[in-house]
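Heads up, the thing below is written out as structure tokens.
The values are calculated or read from the model by the stated rules, or taken from the named source; none is laboratory data. Since the structure is predicted, the reported quantities are computational estimates derived from the model, not experimental observations. Cβ atoms come from the backbone with ideal geometry, glycine included; neighbour counts cover every protein chain shown.
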Amino acid sequence: MDKLLPKKLIFRFVVILGLLTSSAYAQKSFLKRIEPDQVNLQYAGSIGYFSGGIGYNLLNEKATLSAHYGYVPKNKGGWMSIFTAKFEYKPFAINIKEKIIIHPINPVFFPSYTSGDNFDYQFKTSQYKEGYYFWSSALRLHLGAGTEVKIISHLNSSLKSVSLYAEANTNDLYAISWLENRTTTPFYEMFKLGYGVRVNF
Amino acid sequence: MFYRKICLFLLFISFCGCNADEYSPNQKFNSSTPINVNAREINTLPSKAAGTTIKIAVSGDTQRNYKESEDFVALINSRKDIDFVILNGDISDFGLLLEFNGIYKKYDKLTIPFISVIGNHDLVANGSDVYKRMFGDLNFTFNYAGIKFVCHDTNGREYDFNGTTPNLEWLRKNLTADLKADRLVAFSHVPPTDGDFDPILADPYQNLINQTPGMIASIHSHQHQPQIIRYQNGTGVPFIVTNAIIKRAFTLITITNGQIVAEEINF
């Protein structure tokens with residue numbers, strides 16, 4: 001019996017260690033899984049004076065899905081808080097000596113939600129009969145295109161690359177207005193600009 | 001070929017770049033938004049003797065019809081007999097800065113002053129704040145040729161018919177003749193007989209207009225219908241409802257010695 005005791009202890013120790021490491025490993029892989037592939041800071045672009053977000057690569061880095069929070073201060077035409085989800089597709093990549101990748105045109109779609117007393121997802125049915133105002137004041141659907149220059153890091157760090165981008169977008173209401181005013185309003189006038197930097201891990 | 005396309009796109013983006021940075025479609029102003037346009041326009045009204053004939057072109061509801069607005073401005077500029085223009089509410093459709101700015105740019109080409117009144121669409125989202133900064137107060141008055149013009153907010157539904165709009169207390173104070181102006185004309189967007197006018201205020205409002213000494217007319221828009229003239233009980237002060245710019249129509253108001261003639265003109 002006594003001879004078995006150390007073996008039992010070793011067995012128990014190994015099991016506990018195994019459990020600990022596997023749970024730690026599981027935790028690490030879970031964290032790894034939810035860890036964003038990129039963080040982003042943007043100026044303007046209809047989703048805030050400044051906005052910050054995190055994003056994930058999809059479709060073998062040919063697309064990204066990201067979430068953003070932006071704000072407009074009072075002295076810039078606010079105050080407003082804006083929540084945005086962006087889907088960006090990157091169909092073209094021009095590789096320059098493995099140092100720079102240019103994505104010349106990335107189509108982008110993003111719904112944005114403005115919070116606050118002046119904004120509702122739907123106009124109140126108690127106040128207006130159905131269809132009185134057909135749109136949502138809080139939710140805008142934006143469509144646009146960006147252009148991105150990605151500088152690849154060759155340092156042995158977790159930072160893979162840094163991107164600079166410019167993005168032009170329009171939204172559902174601007175598009176409706178433009179469609180009805182095609183003869184007087186130039187096409188480009190419904191597009192608004194934003195600029196940003198993205199750090200890819 | 002591909003690179004040329006990229007260059008063209010970059011050129012397109014930088015072309016857009018002229019004042020195209022936008023923080024939100026709902027922002028209340030940007031760096032190029034004009035301020036207090038109504039006060040500026042009122043200041044440019046020439047002085048005219050009381051009792052002389054004046055002509056005012058009144059219509060509302062430009063909303064997002066830039067072509068019709070452009071044609072209206074061209075027509076008014078081609079005539080030399082009109083004193084000023086009243087844009088009687090619904091400058092915008094979605095209450096967005098882009099729309100206010102678009103209409104402002106068209107109306108700013110008028111060679112005579114234009115004064116803008118608040119409409120229900122202008123109060124949607126941040127529209128009220130856009131209007132206040134760009135044009136000024138929602139309720140205001142000005143004098144011209146011995147007549148006091150009382151412009152005010154009657155868009156009751158936008159305040160959920162809470163009894164505040166139109167502001168009768170403000171109206172009682174301001175619907176008064178003064179030394180320089182012993183006659184009055186009221187301008188507001190929603191007529192008191194419309195479903196969008198606060199129902200509990202409809203009668204007191206019409207009574208007040210009718211009981212105001214020197215009152216010539218109360219002029220409204222909103223309904224996008226051919227011009228109509230109504231009286232509260234068949235007599236008294238006329239409530240004139242104009243057609244709309246989006247229907248390519250305006251009402252030409254002619255006032256001589258307190259006598260008013262309203263004629264719809266289509267363009």
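Checked against (1) at pLDDT below 90; (2) closer than 29 Å to A:Gly116 by Cβ, A:Thr183 passes all but a single condition, namely (2). Among the candidates A:Val72, A:Val108, the residue that is in contact with a Ser or Thr (Cβ under 7 Å, 6 or more places away or on another chain) and either crowded, with 18+ Cβ neighbours inside 10 Å or among the charged types (D, E, K, R) (or both) is uniquely A:Val72.
Only one of the numbered conditions (1) surrounded by 15 or more Cβ atoms within 10 Å (Cβ to Cβ); (2) within 28 Å of B:Arg64 (Cβ to Cβ); (3) not small (Gly, Ala, Ser) is not met by A:Thr183, and that is (1). Among the residues in the range A:143-153, are any of a type in the set (Val, Ile, Thr) and closer than 24 Å to B:Val124 by Cβ? For the range A:143-153, residues of a type in the set (Val, Ile, Thr) and closer than 24 Å to B:Val124 by Cβ: absent. For the range B:90-111, the tally of residues that are in a loop (DSSP other than H, G, I, E, B) and either within 11 Å of chain A (Cβ to nearest Cβ) or surrounded by fewer than 20 Cβ atoms within 10 Å (Cβ to Cβ) (or both) stands at 9. With in contact with an Asp or Glu (Cβ under 6 Å, 6 or more places away or on another chain), among the small types (Gly, Ala, Ser) and buried (at least 16 other Cβ atoms within 10 Å of the Cβ) as the only criterion, which of A:Gly45, A:Gly53, A:Gly78 stands out? None of the other options fit; the residue is A:Gly45. Just one of the numbered conditions (1) more than 24 Å from B:Gln27 (Cβ to Cβ); (2) at the interface with another protein chain (Cβ under 10 Å from one of its Cβ atoms) is not true of A:His142: (1).
Summed over the range B:126-141, the residues that are farther than 20 Å from B:Phe197 by Cβ and surrounded by 24 or more Cβ atoms within 10 Å (Cβ to Cβ) give a count of 3.
Residues are listed down the side, and each one gets a yes or a no for (1) out of contact with any helix residue (DSSP H, G or I) (no Cβ under 7 Å at 6 or more places or on another chain); (2) modelled with pLDDT of 95 or more; (3) closer than 17 Å to B:Val85 by Cβ:
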| residue | (1), (2), (3) |
| --- | --- |
| B:Gln227 | yes, yes, yes |
| B:Asn233 | yes, no, no |
| B:Ala244 | yes, yes, yes |
| B:Phe250 | no, yes, yes |
| B:Asn266 | yes, yes, yes |
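Among the residues of the range B:145-189, those that are surrounded by 23 or more Cβ atoms within 10 Å (Cβ to Cβ) and of a type in the set (Ser, Thr, Tyr) comprise B:Thr154, B:Thr165, B:Ser188.
For the range B:34-83, a tally of residues being in contact (Cβ under 8 Å) with a residue 60 or more places away in the chain, assigned to a loop (DSSP other than H, G, I, E, B) and under 18 Å from the mean Cα position of the chain (by Cα) returns 11. Applying the set (1) under 27 Å from B:Ile103 (Cβ atoms); (2) more than 7 Å from every other protein chain (Cβ to nearest Cβ); (3) not acidic (Asp, Glu) to A:Ser161 leaves exactly one unmet item: (1).
Taking each residue of the range A:172-190 that is at the interface with chain B (Cβ under 9 Å from one of its Cβ atoms) and among the hydroxyl-bearing types (Ser, Thr, Tyr) and looking for partners that are surrounded by 15 or more Cβ atoms within 10 Å (Cβ to Cβ) and not in a helix (DSSP H, G or I) with beta-carbon atoms closer than 6 Å, six or more apart or interchain, yields A:Ser177/B:Arg64.
Conditions tested, residue by residue: (1) within 29 Å of A:Ser115 (Cα to Cα); (2) more than 9 Å from the chain's Cα centre (by Cα).
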| site | (1), (2) |
| --- | --- |
| A:Ser51 | yes, yes |
| A:Tyr56 | yes, no |
| A:Leu59 | no, yes |
| A:Ser66 | yes, no |
| A:Gly70 | yes, yes |
| A:Asn75 | yes, yes |
| A:Glu88 | yes, no |
| A:Ala93 | no, yes |
| A:Glu98 | no, yes |
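Please verify whether B:Leu87 is crowded, with 21+ Cβ neighbours inside 10 Å, touching a residue at least 24 places away in the same chain (Cβ under 8 Å) and within 14 Å of chain A (Cβ to nearest Cβ), treating the condition exactly as stated. Answer is no for this residue. Quick one: is B:Gln232 polar (S, T, N, Q) and in a loop (DSSP other than H, G, I, E, B)? Against the criterion (polar (S, T, N, Q) and in a loop (DSSP other than H, G, I, E, B)), B:Gln232 qualifies. When the range B:204-227 is limited to residues that are within 19 Å of the chain's Cα centre (by Cα) and of a type in the set (Gly, Ala, Ser), the one that is surrounded by the fewest Cβ atoms within 10 Å (Cβ to Cβ) turns out to be B:Ala217.
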